[in-house]
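The values are calculated or read from the model by the stated rules, or taken from the named source; none is laboratory data. Bear in mind the structure is a predicted one, so any value in this text is a computation, not a measurement. Using ideal geometry, Cβ is built from the backbone for each residue, glycine included, and neighbour counts are taken over all protein chains shown. SASA here: full protein model, heavy atoms, side chains in, ligands and nucleic acids out. Shrake-Rupley method; radii C 1.70, N 1.55, O 1.52, S 1.80 Å.
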Amino acid sequence: MDLPVITPEAPNAGGCSAGSCGSTADQMGGMSAEVRAKVQDHPCYSEDAHHYFARMHVAVAPACNIQCHYCNRKYDCANESRPGVVSEVLTPNQAVKKTLAVAATIPQMTVLGIAGPGDPLANLERTFETFRQLALTAPDIKLCVSTNGLALPANVDELAKYNIEHVTITINCVDPDVGAKIYPWIFWQNRRVYGREAAAILIEQQQKGLEMLVARGILVKVNSVLIPGVNDEHLKEVSKIVKAKGAFLHNVMPLIAEAEHGTFYGIMGQRSPNSAELKALQDSCEGDMNMMRHCRQCRADAVGLLGEDRGDEFTMDKVEAMEIDYEAAMAARAELRARVTAELEDKRQKAHAAKSAPAVQVIQFQPRAAKPAGRPVLMAVAAKGGLVAIHFGHAKEFLVYEASAAGAKFVGHRKADAYCSGDEICGESEMSGESVLERTIRALEGCEVVLCARIGIEPWGKLEAAGIQPNGEHAMEPNEDAVMAVWNEMLAAGKLASKSVAKCA
Ligand code: CLF
Ligand code: SF4
């Protein structure tokens, strides 16, 4: 198969046509060693890495230089965070102390990001003082920043000074008329600018910042908030343009708009996209761009693996009480990083081998004109560490794969509330609230199968009644292997005939 070739001269020119994120194990085979080193332990830039490596954010940036209609200043920056009050805004010194404490406690934590609660580049002193100290005291931690881009061109050189290799720019539009529906104002050159003029300035600065970062070999992820009826169709154009300019990854995130958050969109009743709309847009952008599908829209003070939040363990009062020996922790961190990197490399090589093998069989045993039999099927997995490892009733989220003749492709995740707290009889006598189960089943809409380590009789029956087949036969198997095993079983049982195949037959 053709793999994206990313040369050292154009480090951001990802070019995948089939994967979920710019850097799955398979796609990483096409990267230069330089780019691979940058992404292989970054949980956001590598879909594989997010099963093993964690990130943390320090909330040192309270102010913002623009207004987005999906943001309320009382809440986290919705560019990189789900709405939720930041527990505490930190000084740079506190942020450094907290980072060292987390790094010593969670050796998987490889990336420190500044992503709010406002815009990091609207808080230059606080942001750069934090980066400056961390570059000196914790050089093994990757530094990452997320910005709306307005102040980016003026600060690219300063970012480069701290060896920052990953920058996220939130780009919701490239057309000021669309932008005027998203941004009521910006603060620019000591004055407030409104409407279309504001959007035009913001867009110009974002695009200029993107080009400057790419020119310096910094990997750029573009985040876009999908706002139905405002920028949904337009985001395809955004994807084309940012790819052409060398962005590494595009992360299209669903708008979160609830009236109780007090945002303009929330109050005005602007709806959020559903899972199918999000997937459809990501799919249509994918031909042009490497798409990120595993974003968890985390808080500006998130700590831990994506999808889990251990922030409560590291409030400043707890951090102050900790004995931190960072130098000692460095050895454990280095050992873990080397081990996981070797594991991922092994997985990457196996993925390549597996991709090559069926091609030979197809040539030997199938007529050349034969179309791949079997339609694609969405399957949800209660997973941990890349394995089918969670009991159905304990899952707080499900990873969703699209299984087809081309293989298992990760396409997103669905949030759920764990409704079972028992260890013995999952989902039966321990079930504490049927409405929670109903919500979980609703969250799985569109999936035909759910794979989990165990499941009780009652949720089994309700899932079946909802048209979702539970499957507990593949516990502790790698997600992709399990998904493909089930898909092949369905194929063998004649359950996957697509309309076109049926017609041909
Ligand atoms: Fe943080 Fe963002 Fe860096 Fe990651 S998050 S600043 S790139 S370290 Fe990641 Fe969280 Fe999604 Fe952001 S899952 S919201 S993409
Ligand atoms: Fe809010 Fe972030 Fe937009 Fe600023 S850039 S208004 S903090 S969502």
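Okay, residues lined up against (1) touching a residue at least 40 places away in the same chain (Cβ under 8 Å); (2) surrounded by 23 or more Cβ atoms within 10 Å (Cβ to Cβ):
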| residue | (1), (2) |
| --- | --- |
| Gln207 | no, no |
| Val222 | yes, yes |
| Val225 | yes, yes |
| Ser239 | yes, yes |
| Glu258 | yes, no |
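In the set Ala359, Ala334, Ala354, only one residue is modelled with pLDDT of 85 or more and part of a helix (DSSP H, G or I); that residue is Ala334.
Scanning region 227-237 for residues that are at positive phi and either among the charged types (D, E, K, R) or open to solvent by less than 10 Å² (accessible area, probe 1.4 Å) (or both) turns up nothing.
Quick one: which residue in Gly118, Gly149 is open to solvent by less than 20 Å² (accessible area, probe 1.4 Å) and on the phi > 0 side of the Ramachandran plot? It is Gly149.
Residues of region 40-98 that are of a type in the set (A, V, I, L, M, F, W, C), at pLDDT below 90 and away from ligand 2 (no atom under 16 Å from the Cβ): Ala49 alone. Looking at region 150-163, can you tell me whether even one residue there is in contact (Cβ under 8 Å) with a residue 12 or more places away in the chain and part of a strand (DSSP E or B)? Scanning region 150-163 turns up no residue that is in contact (Cβ under 8 Å) with a residue 12 or more places away in the chain and part of a strand (DSSP E or B).
Those strands (runs of 3 or more DSSP E) of region 394-505 in which 1 or more residues are within 14 Å of Ala383 (Cβ to Cβ) and modelled with pLDDT under 90 occupy 397-404, 407-415. Would you point out the residue of region 155-171, among those that are out of contact with any Lys or Arg (no Cβ under 6 Å at 6 or more places or on another chain) and within 16 Å of ligand 2 (Cβ to nearest atom), that is farthest from Gln40 (Cα to Cα)? Among those that are out of contact with any Lys or Arg (no Cβ under 6 Å at 6 or more places or on another chain) and within 16 Å of ligand 2 (Cβ to nearest atom), it is Asn155. Scanning region 184-198 for residues that are touching a His at 6+ places or on another chain (Cβ under 7 Å) and β-branched (Val, Ile, Thr) yields no hits at all.
Within region 260-283, the residues that satisfy the criterion of being open to solvent by 50 Å² or more (accessible area, probe 1.4 Å) and assigned to a loop (DSSP other than H, G, I, E, B) are Gly269, Arg271, Asn274. For Ala247, the criteria (1) within 16 Å of ligand 1 (Cβ to nearest atom); (2) under 30 Å from Arg442 (Cβ atoms); (3) open to solvent by less than 60 Å² (accessible area, probe 1.4 Å) hold in every case but one, which is (2).
Just so you know, in region 200-258 the residues that are within 16 Å of ligand 2 (Cβ to nearest atom) and polar (S, T, N, Q) include one that is nearest to Met292 (Cα to Cα), and it is Asn251.
Taken together, Ala198, Ala215, Ala247, Ala160 contain a single residue that is out of contact with any Asp or Glu (no Cβ under 9 Å at 6 or more places or on another chain) and modelled with pLDDT under 95, which is Ala160. When region 172-192 is limited to residues that are in a strand (DSSP E or B) and farther than 21 Å from Tyr265 by Cβ, the one that is most open to solvent (accessible area, probe 1.4 Å) turns out to be Arg191. Name the pairs: first residue in region 321-336 and open to solvent by less than 70 Å² (accessible area, probe 1.4 Å), second residue among the acidic types (Asp, Glu) and not in a helix (DSSP H, G or I), Cβ to Cβ under 9 Å, at least 6 apart or on different chains? Pairs that qualify, where the first residue is open to solvent by less than 70 Å² (accessible area, probe 1.4 Å) and the partner is among the acidic types (Asp, Glu) and not in a helix (DSSP H, G or I), are Met330/Asp140; Arg333/Asp140; Ala334/Asp140. For region 121-146, the set of residues classified as among the β-branched types (Val, Ile, Thr) and either open to solvent by 10 Å² or more (accessible area, probe 1.4 Å) or over 30 Å from Arg192 (Cβ atoms) (or both) consists of Thr137, Ile141, listed by residue number.
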